[in-house]
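For reference, the structure discussed in these notes is given below.
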Amino acid sequence: MIDKIFNSTAILLLKAAQRLHLTYNEVNVIFYYGIIPLTWCILADIILGYIILTPLFVLLCTGIYLIKRKNFSAWCDKIFVLSQKFLLFFGEYKASSVIICVLVPIMIYVVLIVMLIMKFTSL
């Protein structure tokens, strides 16, 4: 099951990279360090009733991009390698990847969505 989830995720990221004319590492970093946290910020802002986390996160990402834009691909390669080392710290790479990069984000989405539902059903 771990192999199937890992391979499916890698294939999706590879297809996205091809469609966007980016490298696999660029798409991986954009997705896991940009898009997923951005959606968490949006959900958290809705739950809190304040729009503060999303603009701060967008400003942070924009700042990083502006600083790194000339060598964005090389920077993404470096971040990707550091991420691999982090995952290897926990043992087998594929299992760590599935747990930390797939299951943990899903659990965070579940918690945020439940909190969102509770907020709007208690009004």
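The mean sequence separation of alpha-carbon pairs under 8 Å and at least six residues apart, normalised by the residue count of the stretch 1-61, gives a relative contact order of 20 percent.
Report the local net charge at F6: Lys and Arg +1, Asp and Glu -1, summed over other residues whose C-beta lies under 12 Å from its C-beta.
0
Our summary gives the chain a relative contact order of 33 percent, counting only alpha carbon pairs under 8 angstrom and 6 or more residues apart. Within a straight-line Cα-Cα reach of under 19 Å, K4 can be paired with the following lysines, leaving aside sequence neighbours fewer than 8 residues apart in one chain: K15, K94. For the chain, the dipole from Cβ point charges (+1 on Lys and Arg, -1 on Asp and Glu) about the Cα centre works out to 260 debye, to the nearest 20. Tell me, what is the FRET efficiency for I2 and I117 to the nearest 0.05, using R0 = 25 angstrom and their Cβ-Cβ distance as r? For I2 and I117, the calculated efficiency is 0.25.
What's the long-distance tail for the stretch 49-109, i.e. % of Cα pairs beyond 15 Å?
Value for the stretch 49-109: 67 percent of Cα pairs lie more than 15 Å apart.
To the nearest ten degrees, helix 72-89 and the longest principal axis of the Cα atoms of the chain are 80 degrees apart. Two decimals, Cα atoms only, Kirkwood Rh: what is Rg/Rh over the chain? Rg/Rh for the chain comes to 1.01. Once the chain from K78 to L14 is taken as fully extended at 0.36 nm per residue, the excess over their C-alpha distance is 21.2 nm. To the nearest ten degrees, helix 104-121 and the longest principal axis of the Cα atoms of the chain are 20 degrees apart.
In this label model, L88 and Y50 are separated by 4.2 nm, measuring between points 7 Å along each Cα→Cβ vector. Place a point 7 Å from the Cα of I106 along the Cα-to-Cβ direction; which residues of the stretch 4-21 have their backbone N under 11 Å from it? It comes to 5-6, nothing else. A helix-only calculation puts the chain at -25500 deg cm²/dmol for mean residue ellipticity at 222 nm, using -39500 (n - 2.57) for each DSSP H run of at least four residues, averaged over all residues. Between the helical axis of 36-48 and the longest alpha-carbon principal axis of the chain there is an angle of about 10 degrees. Does the stretch 31-81 come out rounded, prolate or oblate by the C-alpha gyration tensor, with a ≥ b ≥ c the root eigenvalues, rounded set by a/c under 1.5 and, if not, prolate when a/b is larger than b/c and oblate if not? The shape class here is oblate.
Here, each number is a calculation from the coordinates, and none is a lab measurement. Everything numeric here is computed off the predicted structure, so don't read it as measured data. For neighbour counting, all protein chains shown are included, and Cβ atoms are generated from backbone atoms with ideal geometry for every residue, glycine included.
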